[in-house]
Amino acid sequence: MAGSGSSMLYSFLLFIFVLSIQEMYRAKLASTELLTILGGFSSSLLFLLLLTFIGNFQESSGSRTGWGAVVLAEIVALVAASTVHRVCITTCFLFSVGLLYEVNNLSGMMLSKADAKAKRH
């Protein structure tokens, strides 16, 4: 399993990569309806990568990630989506809500497994 330092670095590098690709192809992403939805999805990936970066940064400093990190990551992702097309803002928000729901479920499963493992030993 990756440590918080390497995960923070990889999520930041992927964030920069996805953002630069999105900005390079923003005219293409805004050209059709399907590509506009893809632009919103890529912006929601920015949300997930930035949330991962912030969470790992806060974990390394000893604090806990809360709603402030979620709101900050969402605002950054929505601003990035707004540079592509107005519809990307809506699709980014919807995809981000779905991703946040799945990350929350995954986190709950991992914590319950860790608790069960700790009780056995």
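Annotation: extensible slack from ALA116 through LYS28 equals 26.8 nm (criterion: 0.36 nm per residue apart, minus Cα-Cα distance). Length gained on full extension, ILE75 to LEU99: 7.1 nm, using 0.36 nm per residue less the C-alpha separation.
Note on region 1-67: percent of Cα-Cα distances in each 10 Å bin, starting at 0 and stopping at the bin with the largest distance, equals 22, 40, 24, 13, 1.
Dividing the convex hull volume of the alpha carbon atoms of the chain by its residue count gives 106 Å³ per residue.
Taking label positions 7 Å along the Cα-Cβ direction at both LEU35 and SER107, the computed distance is 3.6 nm, reported to one decimal. Across the accessible surface of region 64-121, with the other protein chains kept in place and a 1.4 Å probe, carbon and sulfur atoms take up 69 percent.
A helix-only calculation puts the chain at -30000 deg cm²/dmol for mean residue ellipticity at 222 nm, using -39500 (n - 2.57) for each DSSP H run of at least four residues, averaged over all residues. Taking Cα atoms only, the orientation of helix 86-120 departs from the longest principal axis of the chain by about 10 degrees. Per residue of region 30-37, what does 6.51 cos²θ - 1.76 cosθ + 1.60 with θ = phi - 60° give for ³J(HN,Hα)? Whole Hz please, x for Gly and Pro, Karplus curve as stated. My calculation for region 30-37 gives 8, 7, 10, 5, 5, 5, 5, 5 Hz in order.
The values are calculated or read from the model by the stated rules, or taken from the named source; none is laboratory data. As the structure is a computational prediction, the values presented were derived from the model and not from experiment. Every residue, glycine as well, gets a Cβ built from its backbone with ideal geometry; the counts of neighbours run over all protein chains shown. These accessible areas exclude ligands, DNA and RNA; they are computed on the full protein's heavy atoms, side chains included. Shrake-Rupley method; radii C 1.70, N 1.55, O 1.52, S 1.80 Å.
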